[in-house]
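The structure appears below as structure tokens.
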Amino acid sequence: MRAVLKPMFSSASGIAATVLLIGFAALSIAAPSLWGEAATTNDITRAWQPPSADALLGTDELGRDVLARSLVATRLSLVSAFASAGIAIGVGLPIGLLASALGRRSTKVFSSIIGVLIAFPALLTAMFVGTIIGIGVPGAVIGVGVAMAPMFARLSQALAASIAKLDYVAAARTMGLGAPRVLIRHILPNVAEPLVIQGTTSVSISILGISALSFLGLGARPPEFDWGGLLNTGLKAIYFMPLQAFGPAVMIALAGIAFSLLGESIAGSISDSQVTGRMVRLGRRMAQDAKRAKAAARSGASARVDGADGGAATAGIDGVAATAEADGGAVPPVLDVQDLVVSFPSANGPVSPVRGVTFQLAAGERAGIVGESGSGKTLTVLAIAGLINYPGQATARRLAFNGQDTAAASPGALARILGTNLAMVFQNPMSSLNPAIRIGTQIAESSRVHRGLNAAEGRELAIAKLTEVAIPDPGERLRQYPHEFSGGMQQRAMIAMGLTSEPKLIVADEPTTALDVTVQRQILDLLERINAEEGTAILLISHDIAVVASMCQRVIVMYGGTVVEDLPVDRLLGGAIHPYTRALVDAVPDPRADPRHELATIPGRPPSSDEVPPGCAFAPRCTFATERCRAEPPPLSDHGGRHRAACWHPRTQTGAEPQDPRDTPEAGEAGGGGDRG
């Protein structure tokens with residue numbers, strides 16, 4: 001019991017439920033003695049008195065204190081609710097448990113009957129039963145209890161049926177245990193948690209049900225009164241004395257909340273105590289094993305443990321290969337994006353979270369797009385893949401894939417171009433894989449549509465691609481569903497799906513965010529190997545500049561929906577010239593740094609799509625910004641060596657760039673030092 005109560009009292013919901021229940025218990029015991037006279041004494045001269053020091057909620061039509069009556073009614077209301085819940089549990093639980101032990105045909109008949117009873121409105125059932133028994137508290141209690149019994153029967157039958165199929169229940173029956181013992185010892189403890197929740201929740205339902213019947217005149221009759229009857233009285237004066245209904249309404253609400261929180265807390269404490277108990281038993285067993293091992297060693301016995309790896313070690317994949325950069329005009333770029341704009345309608349006009357993005361990607365090149373959240377990275381690649389949903393629109397001066405203009409292509413042509421040459425790897429593979437279709441079918445689907453493969457050819461292709469992405473036992477794995485794969489295997493399956501069409505470009509949007517560090521490295525190594533062996537270009541989107549720098553040959557930095565710098569990765573650490581790029585690099589944690597120094601951060605926050613400043617988007621956060629930066633957006637200009645940046649005053653390592661004559665004196669002094677432009 002202590003193991004159950006300790007977790008319960010350590011939670012906020014458990015403490016709140018305990019406090020409320022103690023309060024209701026105290027009221028049930030003490031309220032009739034303390035305020036019984038004020039609640040029952042009639043005084044017509046004080047009828048419909050407004051709130052005062054003597055009656056905080058005023059008086060009713062007979063001059064009785066409304067607050068006192070609300071408090072005194074606690075005893076009858078709670079006793080009635082407990083009685084109804086007890087009837088529901090006492091009737092429904094045994095029926096449900098016994099039904100689970102019946103044959104299949106009997107269970108179907110039982111389920112059909114219970115389904116019909118549940119489909120009938122519970123309040124109407126309670127009214128019907130209560131009217132037959134007689135108007136009053138007993139009729140209301142029995143009516144609500146009978147109305148809730150089918151819910152308990154259905155829940156207990158379903159839970160017991162799921163447990164009855166398990167091996168340990170079959171073993172208990174094999175040992176000759178009778179049905180009652182199997183139900184009580186092996187089934188009931190394993191379904192206790194949801195039943196406890198339903199049991200405590202049923203008290204809340206009983207409070208509402210009995211109050212509803214009393215409100216309708218089918219419950220407590222004078223001189224008895226409960227919260228529902230008081231609420232009915234308060235309704236008569238709702239327009240000129242609304243506080244008449246306030247007291248019973250608050251009591252009903254608080255009681256319902258208290259028992260709901262109690263169920264949640266008890267269920268959580270049962271689960272925690274079961275886990276704790278298992279851990280304690282495991283610890284004791286391990287301690288006993290250690291003692292026996294030491295005793296055996298002292299007595300001269302020797303023990304040898306033959307260890308096995310349990311599986312082949314995964315060899316690291318050397319995916320780093322020398323990839324020659326494409327010669328400027330010799331080979332057309334696999335991806336050519338010029339002035340890409342993505343817009344969405346809003347109440348204040350179109351909003352463009354991506355504005356004028358321009359870059360090219362050569363065949364076999366590995367490039368990464370980095371930037372803070374909201375910089376437009378994902379929208380950019382979705383626009384490239386034609387995945388901007390209505391009412392969004394993607395327009396571009398030129399958007400070409402492998403030399404073919406996709407911006408002007410028809411939907412059918414676009415599907416053929418992108419479906420056979422572009423592979424997308426998304427951040428969460430579980431949401432990208434269809435949970436109702438087997439992995440092998442999903443991998444081969446694209447090739448069967450675009451290449452006309454039959455089922456056997458699709459299967460062979462799926463096995464080959466699963467093997468290529470290093471998934472063991474591909475013949476067995478392709479028959480499995482996505483939920484049977486780990487996170488890393490799901491991501492590998494996504495990559496395998498894209499490789500079936502031998503794509504020219506793989507777009508990986510945060511492909512390692514939801515994976516652990518080891519699996520992250522494996523996925524990145526796999527992408528590098530595909531790039532080296534197949535010549536497939538890689539476009540990696542990430543907010544982690546360190547990941548991009550470790551894998552890519554080139555870095556595209558985005559901020560506020562635009563490209564602010566495009567540079568080779570070997571210039572990232574020492575040759576970045578845009579202040580934002582430098583700030584991102586400085587913000588990467590360095591394990592060799594002095595731990596006493598604070599981590600570098602970028603002050604402020606990125607602009608929202610509808611609040612982009614007229615000039616440079618980074619100007620409000622840049623310490624080097626001038627009036628020109630705030631008023632005029634800088635173009636993406638060339639700085640030599642395939643290095644471009646959009647900055648009026650690019651940073652240098654050795655000195656300052658020429659000061660623009662339009663800069664204000666104040667702006668000229670803003671940066672200070674020799675690293676200013």
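Points to keep in mind about this one:
- Segment 13-129 - accessible surface per residue (Å², probe 1.4 Å): 53
- Carbon plus sulfur fraction of accessible area for segment 515-601, probe 1.4 Å, in percent: 53
- Ligands, DNA and RNA left out, the accessible area of segment 333-489 computed with a 1.4 Å probe is 52% carbon and sulfur.
- With DNA, RNA and ligands ignored, accessible area of Ser373 (1.4 Å probe; Å², nearest 10): 100
- The stretch between Leu599 and Phe240 holds 122.9 nm of extra length on full extension. This uses 0.36 nm per residue minus the Cα-Cα distance.
- Whole-Hz ³J(HN,Hα) from phi, Karplus 6.51 cos²θ - 1.76 cosθ + 1.60, for segment 112-117, glycine and proline x: 5, 5, 5, x, 5, 5
- Residue separation of Thr395 and Ala158 scaled by 0.36 nm, minus their Cα-Cα distance, works out to 79.8 nm of gained length.
- For the pair segment 151-165 / segment 504-535, the C-alpha centres are spaced 46 Å from each other.
- Shape category assigned to segment 9-140 from the gyration tensor of Cα positions, a/c cut at 1.5: prolate
- A 1.4 Å probe run over the protein chains yields, for segment 505-617, 44 Å² of accessible area per residue, whole-number rounding.
- Compared with the direct C-alpha span, the chain from Ala12 to Phe82 gains 22.8 nm at full extension, assuming 0.36 nm per residue.
- Computed label-point distance, nm, for sites Glu533 and Arg451 using a 7 Å Cα→Cβ extension: 1.6
- Carbon plus sulfur fraction of accessible area for segment 20-112, probe 1.4 Å, in percent: 66
- Treating each Cα of segment 15-91 as an identical point scatterer and summing with the Debye formula, the log10 of I(q)/I(0) at q = 0.11 Å⁻¹ comes to -0.37.
- Of the GluC sites (Glu not before Pro) in segment 594-646, the ones in a loop by DSSP (not H, G, I, E or B) with at most 14 other beta carbons within 10 Å are Glu598, Glu611.
The values are calculated or read from the model by the stated rules, or taken from the named source; none is laboratory data. Remember, it's a predicted structure, so these values are computed and weren't measured experimentally. Backbone-built Cβ (ideal geometry, glycine too); neighbour counts: all protein chains shown. Note: accessible area is taken over every heavy atom of the protein model, side chains too, but ligands, DNA and RNA are not part of it. Shrake-Rupley method; radii C 1.70, N 1.55, O 1.52, S 1.80 Å.
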